[in-house]
Every structure is written in structure tokens, then in C-alpha cells.
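The values are calculated or read from the model by the stated rules, or taken from the named source; none is laboratory data. Just so it is clear, the model here is predicted, and its values are computed rather than measured. A quick note on method: Cβ atoms are made from the backbone with ideal geometry, for glycine too, and the neighbour counts reach across all protein chains shown.
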Amino acid sequence: MPNKLILSFDIGTSYIKTSLVDTKFNILDTEIDKYPIYFPKKGYVEQDPLDWWNAVVKTTNRLVQQKGVDPSKIAGITFGGQALSTVLINKDGEPLMRSLSWMDARAADQAKKVVGGGLLKIGGYNLFSLLTFLRITGGGPGLAGKDHIPRILWLKENMPDVLRDTYKFVDTNGFIIFKMTGQTVISKFDAHLTWMMDTRPGKHYWSETILKKYGIDREKLPEIKASTDVAGKLTKRAADELNLKEGTPVIVGSGDVAAVAVGSAAVKEKEYFIYIGTSDFMGTHTKHRKVDISHYMGSVCSAIPDMYLYTGEQETAGTCLDWVKNEVYKSSAEELGEKVYDLLDKAAGNIPAGSEGLMFTPWLSGEKTPMDDDTIRGGFHNLSLEHGRDHMVRAVMEGVAFNIRWAFRCMEKKIGTANWVNFVGGGALRETWGQIIADILNREVRQLINPREVGVRGAAMIAAVGLGIYKDFPTAAKLVKVTRVYKPKPENVTIYDKLFAQFEKLYETHKKICKYINVKIHE
């Protein structure tokens, strides 16, 4: 066992992944524990913060006691979990109600009051409110009611007693950090996503302008810290519960997206990564705050001090492959379990580039980037009797890659051309998909070691820099191994360039039809 270890927590929506990572970022062991999600009413999505804590205790004890880990070898504790949850705690750190999940949309009416209304609008947003948020935060709350400001307004209107008794608002990581240290903190990345922080260079503090406008008490907000900062030391009470050493440093860490960005090892300017999981997102680190309103991309404070993460998210990626697995390869999926993905990858590899004319659009749940359209839907196009299910698998992989190219092209225009792209997430395990993305982007695509564990690795890298084990992130990133490089094949690039032009046209020809079918026909 190495002399120094990092205990990394990925507190997800439905389960926790607790890992022991060495200082070369090898993941030595992992424990997983699940917890429930509650849906009490339409639009309400809740979790019990104590379920998170109990999962932290259980998984940590399993690692330490059952695996015989010496607690004194754990140099630090860190986090890379779900963002955008809202937890209300009292002075003892006890939750006053269930957490509002990042999916909770109960405050939709309040969101319209925050950023909607008025005569001058852009895409449903009040022009003056939008400009204020953009100037101060570089972004702003959405209209869906899933952001902190409309949630606080909802609490004022519907649960004033609970709001009055609230000591602090914290997020998922912040709740666990309080349980461990007694400190209430939030990372710059997570504070940015509240749209209450002034994110301009040299500021990075709660915006009095925004707090005053919406009547939010500054004293109820946690202290903003860099992801690499030490939030506090493990208390005796927490150490006893966790079977860890009292005084162990607890690093602030970050939300999942920022941790993934660091774990991708693309930590310098103009170094890009693509993550494919259920959804996909792409990004690069920049020294300056940037925004592309027309393509729904923007900058958030990075886990890397003094840098921003310029990013865009797309709704459905791995979900599309899962749809084919469940609906077209159902019997194979039942027989093979997780190994069915190897079958799908091989099936796609047996079909030539372009899927012999079959195309797929991956907008199964609307889209965010490079267009914000919640009524668009996907499908197979040019399907013929000559096509089989293997064609469908490859077409899905190509469709997701075309969608990525559409957004990635916008990102490169804003930031600069990529020399290579680091490929992470569960999708990076699929070799055929990696080659397809390289061919469609016409860029070298690099698969990293343990691509699925990129968030855990990123959180550990944040801790390692914060603890002084490495002087900076580029030094730490050199230890992340590239396991395979996909180089564009010129003959495939030519085919995909022609098909991409048609892919863009498919959106233009289908958006009105989808809006009619999904909205207007029901009016």
C-alpha cells in the first residue's frame, strides 16, 4: 500500500462512489452504496441528506476496516459529486427538510419572475435581467425553476418558517464537509452555478447587487473557497464515525463537471476534452471568462484556481446507445448484461462509415447545445429494408458524434483549434465510437486510462495540488496515462464531411414538425 492516499467521494444522484486513490492517481479500491430519490409531487425531486452521510460512513468503513487501510496514510479527503442541490441546515448541521435535487423544478413560476416578464425579451428572458446576470455572473438562472434563486423565493412564499430557521444553504458536498469539519463552504465552481456570485476576474464573491435585488440574506450563504483550499480538519466525532484519523485535511473539491474536466487531464488553455455518459459535454480551460449566447455555451469558475471552464452540454448521448440496447438488442442485453456493450461496439465496427446511408439524430429529450430546443426529437432517417440492427448501432454512434461536432465546431471558433481531444466517460470504453469521433471531428482523439473514473481521478488531482503533493495541475496531469490514440482516417473524414452537412439540415427541416407534434397539436 502506498504511503500517501487520497479518499475521494463522488456523491451522485442515485449512489455514492468512494475510492482510495494513490498520489499517481491509480484507483486502488472503490465502494458503492445506493440511496433513494423521492418524487412527492409533479416537478418535485428530493433526497435526504442524511442518506448521503450514511452512505459516506458505510463506504468509508468498508474501505478502511474490511480492506485493512491504515487511516494515517490518508493524506486528505476530497469531493467531486453532484452539483446544484439545495440543502437547508440549522446550526448543528441537521437538515431542516429534504434536499431539493438538481432535477427539482418546483420553482418554475418564481423563475419566470426572476428572469422572465417585461416587454423586451430574448428567448423568454427579460432583456434587462439577462444583461445584469451576464455582466455579473457570466450566465444566469434558467426558466425551468431548477436554480437556487427561484428556489429561495419559492421557500419564502411556501415555507417561510423553515427559511427563517435556516442557518445556511449548502450543496451536496457542502453538507458532507460540514458533517466532517463543522465548516460551511462552497467551491467557486458550485457558487458560480447559484448565479449569485460575481464571477468577474479578481472578484469571486457573493454579489450584493443580486442578493439585494432578490432579498437573499448573505449570512445564510456559505463561504466561497477555491476547490484546492482546505475546508477544515476532520473532527473527532466525524473521525470516530468514519474510522479515520482526527485532523485529516478535508479539501473543498468541486461539483462533478469541474472534477471531470480536471480528471480529463486537459488542464491547459486550448486543451479539449469530451465526456460521454448518459449525456455528453465538452470543454476547455481558459484564463478569461467567455460566453456564446447564440450557441448556449459559457464559462464557469474552474476547479483550477484563476481559470474558467468553457463548456457546453448535450442532453442525450450514452442514453441513445442504451435505447438501442434495450429496444433492439433486448434479448442480447438480458443474456450478456454489461458485456452487451462489447457486442454493440463490434456490431458497429462491422458496418462501413456512413452506415450505408442510415442517419440518426440523437435529440431524444430535446437539446441544449448548440441550440436550446426542448421540443425537437430524434430518430432514424433514410431507413430502408437493406438496413439491419447493426446499422442502427453505428448510426447512433455517428449521430451522437455529428451532434458533438456541431457544438465542438462552435467551441473551437470561440477558443481556438484543437490539436487533440481527450475522450473520457463510459462512452470512451467503446473503441468503435472513439474512431468514429476522430473521423467526424477530423481530430486526434485520445482515450485515457480508467475513463469511467474520471471524476474520482479529478477530485484526487484537486486534493493532490491542494495538499502540495504537486505544484500545479499540469504537473499532476502528466501522470494520467493515454491508453489509445484514434487518428482520423482520410477516407472516412471525406464521407463524414458530406453527411454532416445533411445532419445540420435535418434539424432545420424537423424542428417545426416536432414543435407542432409535441406542443401545438395539444393546444
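If you filter the stretch 176-206 down to residues that are buried (at least 22 other Cβ atoms within 10 Å of the Cβ) and small (Gly, Ala, Ser), you find that the one that is farthest from Met461 (Cα to Cα) is Ala191. Once the stretch 315-361 is narrowed to residues that are on the phi > 0 side of the Ramachandran plot and assigned to a helix (DSSP H, G or I), the residue that is surrounded by the most Cβ atoms within 10 Å (Cβ to Cβ) is Ser355. If you go through the stretch 42-53 one residue at a time, how many are exposed (fewer than 15 other Cβ atoms within 10 Å of the Cβ) and modelled with pLDDT of 95 or more? Residues that pass the stated criteria total 0. The criterion of at least 3 residues that are under 23 Å from the mean Cα position of the chain (by Cα) is met by the following strands (runs of 3 or more DSSP E) wholly inside the stretch 177-245: 185-187, 223-225.
For the stretch 368-408, a residue qualifies if it is free of Cβ contacts under 8 Å to residues at least 24 places away in the same chain, out of contact with any Gly (no Cβ under 7 Å at 6 or more places or on another chain) and farther than 24 Å from Arg430 by Cα, and exactly one does: Leu385.
Close contacts from the stretch 117-145, counting a first residue that is over 25 Å from Asp104 (Cα atoms) and a second that is at pLDDT below 90 and part of a strand (DSSP E or B), with Cβ to Cβ under 8 Å and a gap of 6+ residues or different chains, come to Gly118/Asn126; Leu120/Asn126; Leu127/Lys121. Residues that are buried (at least 20 other Cβ atoms within 10 Å of the Cβ) and not in a helix (DSSP H, G or I) within the stretch 249-270 comprise Val250, Ile251, Val252, Gly253, Ser254, Gly255, Ser264, Ala265, Ala266, Val267, listed in sequence order. Please verify whether the stretch 486-494 includes one or more residues that are hydrophobic (A, V, I, L, M, F, W, C) and touching a residue at least 60 places away in the same chain (Cβ under 8 Å). Checked against the condition, which is being hydrophobic (A, V, I, L, M, F, W, C) and touching a residue at least 60 places away in the same chain (Cβ under 8 Å), the stretch 486-494 yields no hits at all. Cβ separations smaller than 6 Å between residues 6+ apart or across chains give the following pairs from the stretch 204-219 residues that are more than 20 Å from Val115 (Cα to Cα) to residues that are part of a helix (DSSP H, G or I): His204/Lys188; Arg218/Leu211.
Please specify each residue of the stretch 283-302 satisfying the condition of being part of a loop (DSSP other than H, G, I, E, B) and touching a Leu at 6+ places or on another chain (Cβ under 8 Å).
Ser302
For the stretch 63-72, the set of residues classified as more than 30 Å from the chain's Cα centre (by Cα), part of a helix (DSSP H, G or I) and in contact (Cβ under 8 Å) with a residue 12 or more places away in the chain consists of Gln65, Pro71, Ser72, listed by residue number.
Against the test of being within 20 Å of the chain's Cα centre (by Cα), touching a residue at least 24 places away in the same chain (Cβ under 8 Å) and in the same structural domain as Gly182 (by TED's automatic domain parsing), the options Gly81, Gly76, Gly43 yield a single qualifying residue, Gly81. For the stretch 460-471, the criterion of a residue being in the same structural domain as Asn403 (by TED's automatic domain parsing), out of contact with any Leu (no Cβ under 6 Å at 6 or more places or on another chain), surrounded by 15 or more Cβ atoms within 10 Å (Cβ to Cβ) and not hydrophobic (A, V, I, L, M, F, W, C) is satisfied by at least one position. Considering only residues in the stretch 5-49 that are among the acidic types (Asp, Glu) and assigned to a strand (DSSP E or B), the one that is farthest from Asp70 (Cα to Cα) turns out to be Glu46. Scan the stretch 420-469 for residues that are in a helix (DSSP H, G or I) and within 20 Å of Val257 (Cα to Cα) and the total you get is 20. Looking at Lys146, Lys58, Lys113, can you tell me which residue is assigned by TED's automatic domain parsing to the domain that holds Ala191, modelled with pLDDT of 95 or more and not in a strand (DSSP E or B)? Being assigned by TED's automatic domain parsing to the domain that holds Ala191, modelled with pLDDT of 95 or more and not in a strand (DSSP E or B) holds for just one of Lys146, Lys58, Lys113, which is Lys58.
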